[in-house]
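A short worksheet on the structure shown next.
Coordinate-derived values only; no laboratory data. If you're wondering where the values come from, they're calculated on a predicted model, not measured in any experiment. Cβ coordinates were reconstructed from backbone atoms using ideal geometry, including for glycine residues, and neighbour counts include every protein chain displayed.
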């Protein structure tokens, strides 16, 4: 899967785990800390972390408009807090989402750190039907989905993985497993 460079927003959060997963797939990566570094990327991952902190740092480093501009022609995947940042609406006024996918999100809906859990889920959008270990850590919940958003995966009849054109958003952490299927899906199904 060489030939493309995937940026990973590296202002805060678990960006190193996404980098390791992409490198295991032989993908060139760039830890993005400045807006101009987006120019060198064919796709972007916004990792999990702390969404209020991400809001502050993205403002401080002037990332909002460059990421919105980036999304017009290149794919973005957001996991956990990254999904919160991609949403159109968030239940916390301290957060300024990018509004790149028409979903409403409730922060920490699955509980505090102590309430974190792993769920074995089937990935119906993939031919390989072996279970995937979805890791939810202080996970957000998608509370509403726009008509142009495709629900890829549900847990307890609630969406936990959605897409819209070139935006992929997940409530869980695929980078914390040894299973590369979701990263591979992002690389293979979202055009740059």
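Structural remarks
- Cut-off 11 Å (backbone N to label point 7 Å along Cα→Cβ of residue 116), residues of the range 171-187: 173, 176
- Cα-based equivalent ellipsoid of the range 38-149: semi-axis lengths in Å, sorted from largest, via gyration tensor: 24, 19, 14
- Within the listed set 125, 15, 117, the residue fluctuating most in the Gaussian network model of the chain (springs between alpha-carbon atoms under 10 angstrom) is 125.
- Convex hull of Cα atoms in the chain, direction-averaged projection (nm²): 9.7 nm²
- Of all DSSP beta bridges in the chain, antiparallel share, percent nearest 5: 50 percent
- Mean separation of Cα contacts under 8 Å (6+ apart) over length of the chain, as relative contact order %: 19 percent
- Taking 0.36 nm per residue of sequence separation and removing the Cα-Cα distance, the residue 154/residue 99 pair yields an extension gain of 17.6 nm.
- Listed peptides 168-178, 22-32 by packing density, highest first (mean Cβ within 10 Å): 168-178, 22-32
- Most fluctuating residue given options 130, 116, 104, as computed from a GNM of the chain linking Cα atoms under 10 Å: 130
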